Each structure stands twice: as structure tokens, then as C-alpha cells.
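Rule-based calculations on the coordinates, nothing more; no lab input. Values in this document were obtained by computation on a predicted structure and should not be read as measured data. As a convention, Cβ positions derive from the backbone with ideal geometry for all residues, glycine included, and neighbour counts pool all protein chains shown.
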Number of protein chains: 2
Amino acid sequence: MQLKTPVTAQECKGSLTAIGDALYVIGGKWKLRVIVALREDNKRFNEIQRTVEGISARVLSSELKELEMNGFVKRIVHTQTPVVVEYELTHYADTLDDVLDSLRDWGTMHREKLKSER
Amino acid sequence: MQLKTPVTAQECKGSLTAIGDALYVIGGKWKLRVIVALREDNKRFNEIQRTVEGISARVLSSELKELEMNGFVKRIVHTQTPVVVEYELTHYADTLDDVLDSLRDWGTMHREKLKSER
DNA sequence: GTTACTACTAACCTTTTGTATACTACTAAT
DNA sequence: ATTAGTAGTATACAAAAGGTTAGTAGTAAC
């Protein structure tokens, strides 16, 4: 049994701004999932697409661009034949560990709850 | 300096599923923000709309319905004139505390980082 | 009598997101 | 010669999400 975080109007406004800021860069259906896929290992384009089930090449391509722009991902091109491109998480992406862990834990718990309700 | 969470292919797949489950019910632009607004206090419709800046009545209405369906929010109707409707977080919504806190902390940190880079 | 507040909802429109298919260009295997 | 793999982009279209405006019906203030 967990106590409710006491929240004043001030704190509430601050939270709203902060959470808005966070969702602005990591919100959406795919960004966090791509980051999770990359946490396993540096990955190449098609590997990521196979790991993140359901994402199309077009959407993955644009998500990777945004993640690169926001400093979560580094793009490494190996100029061989065939050209191989690797995507690597930056150190800044590691700052998302708490967010990803809490979200994973909550998702796991929620799935259990739904299962037990059936 | 924080160590990178070691992630195996198995753990990665589990995380992807769990995070997918979480985003399915609390993903999108508004749901978490509505919950944050309600953490301050039970709120009436127009109060929530004023607190969560930028949300339209139409969208707030549908978000509240989904939040109610998923067990995060209780709708309480006071049959007076005028009819007053209050929205209250359920105990289940409290299980999101870790997610909300980590997201708020990360958002705050991120905003500071952007500020210092300007 | 006009405006504002209560809590929405319907209709319509725009924007965002996603899907499907085809295509580049090169290598290697069958 | 055909197929598969490398990493995408172009095009066209469909679906989902979100925004805008107007309106309901009742009360109370100005």
C-alpha cells in the first residue's frame, strides 16, 4: 500500500511542463521501443526492423532521424561493400534508464493484472 | 556516471512487450497529463481543461472515457443544478507513480540540458 | 436581455502516423 | 538468371488522432 504523492498546484504545474517536455521528444508509438531494441546491442537497420515488430521501413527511417537529431542515437557508416550502417545509443540515451525501467515494470504488472481478471 | 543496463535478447524482447503494453493504455499526447492534473485533486471537466493547457473539450472527453474504461479514473456525478461531475483517480492510478515521477525527473533534466546548450 | 457558467457532443476539417508497393545499386549465393 | 541480402527513398493512399466551431439545456449574475 503506497501513499499518494502529495501534490500542490505548483508541483502539478511543474510536472505538467516536465512531462510535456519529455513526451515531446520520446512520445509516440515507436521511439522508446527503438531505444529498447538498441539497448540490446548496436543494430543495423534491418535488424532493428525485425526486433521492433510491426514497424515499417519508412517509419523506422524517420524515427531514427529524429532520435539522432535529439542526441539519443549515433549513426555509424562502414564504407564497405555492401555499405553497412550501425546505430548506436549515445550516453545521453542512458539517462532514460529510469523511465524505461519503470515503464517496463508497470507494463509487466499491468499485463499480469489483465491476465488475472480474465 | 551510470553503467549501461546489461540487456540480453530475451530481456529485450520482454521489455519490448511490456513497454508496448504500457504505451497501449497510457500512450498518446494527453493521458498522462490528465492523470497528473487529477493527482492535484479531484477535478471537474472544465477545471481539468484549464489545467491541461491546449487540450480541447472533444479530446478531453474521449481521453476521460478511455481512462475510465482502463480503470484509472472514476466518474462521480452530483445531481444538482447545475449538474456537477467530478473525476477522481482510482487506487490503480497510483501504481503509475514511478512512471510519472521518472518521466517528470527526466523531463526536468532534459529541459535544463537544452537551456544550458543555448 | 445578454453573457457566462455547468458538461459535454456532433459535424467537419486538418495533421500526423502508418501501410503497401515499387525502386535504387551493389554483392553473393543457387 | 533468379533470389536474397545490404539500407534505405519515393509515391500514393488509408487510418488514426487531434483541432475548430457550434450547439444543447438549465441557472445565475449584470
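A few remarks follow.
- Computed E for A:Lys113/A:Val77 - FRET, C-beta separation, R0 35 angstrom, nearest 0.05: 0.20
- B:Thr95 label point (Cα plus 7 Å toward Cβ) to equivalent points in the other copies: 3.1 nm, shortest first.
- Calculated [θ] (222 nm, deg cm²/dmol) that DSSP helices of n ≥ 4 give over chain A, each run adding -39,500 (n - 2.57): -19500 deg cm²/dmol
- Using a 7 Å Cα-to-Cβ projection, B:Glu66 label spacings across copies, nm, ascending: 1.6
- Length-normalised contact order of the range B:9-117 in % [C-alpha pairs under 8 Å, at least 6 apart]: 23 percent
- Distance from the range A:3-63 to the range A:81-118 (C-alpha centre basis), Å: 8 Å
- Over 19 Å [Cα-Cα, chain B], rounded percent: 58 percent
- Taking the inverse of the mean 1/r over every pair of distinct Cα atoms in the range A:9-50 gives a Kirkwood hydrodynamic radius of 12.1 Å.
- Between copies, the label points of A:Arg44, set 7 Å from Cα on the Cα→Cβ line, lie 6.2 nm apart, reported in increasing order to one decimal in nanometres.
- Each distinct pair of alpha carbons in the protein assembly as shown adds a 1/r term; the inverse of their mean, the Kirkwood radius, is 19.2 Å.
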